[in-house]
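These notes are about the structure you will find just below.
Read the figures in this text as sums done on the coordinates, not as results from a lab. Worth saying up front: this structure is predicted, and the values here are computed from it rather than measured. Heads up, the Cβs are rebuilt from the backbone with ideal geometry, glycines too, and the neighbour counts pull from every protein chain shown.
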Amino acid sequence: MNYRNNSKITEIITEILKYQKGGQKGWPEKVARKTTQKTTQKILEEIQRNPEVSRTELAVLVGLTSDGIKYHLNKMKLVAASTQIA
């Protein structure tokens, strides 16, 4: 995946954070959503620092498994795809 278009990354970050603010207001969901937002933010910051970073490197930097990074990247792709359609 190529992350070189930083203006697009900023747009995607904004959309992801808006998307993650929705949902139910219950305590467990709210905590999980905040944790997910922080994790997503960490991933995006690392990608902005180094657009050539691999999923394995991201996992080490963020403190997740490679599958955890894959999950978050796929979520970001869905949000990005939905903003391009809209």
Cβ-defined net charge surrounding Ala59, 12 Å radius [Lys, Arg +1; Asp, Glu -1]
0
Tabulate in residue order the Karplus-calculated ³J(HN,Hα) for the range 38-51, using 6.51 cos²θ - 1.76 cosθ + 1.60 with θ = phi - 60°, rounded to whole Hz; enter x for Gly and Pro.
5, 5, 4, 4, 4, 4, 5, 5, 5, 5, 5, 5, 9, x
If each residue of separation counts as 0.36 nm, what is the full-extension length gain between Ala81 and Arg49 once their alpha-carbon separation is subtracted?
9.2 nm
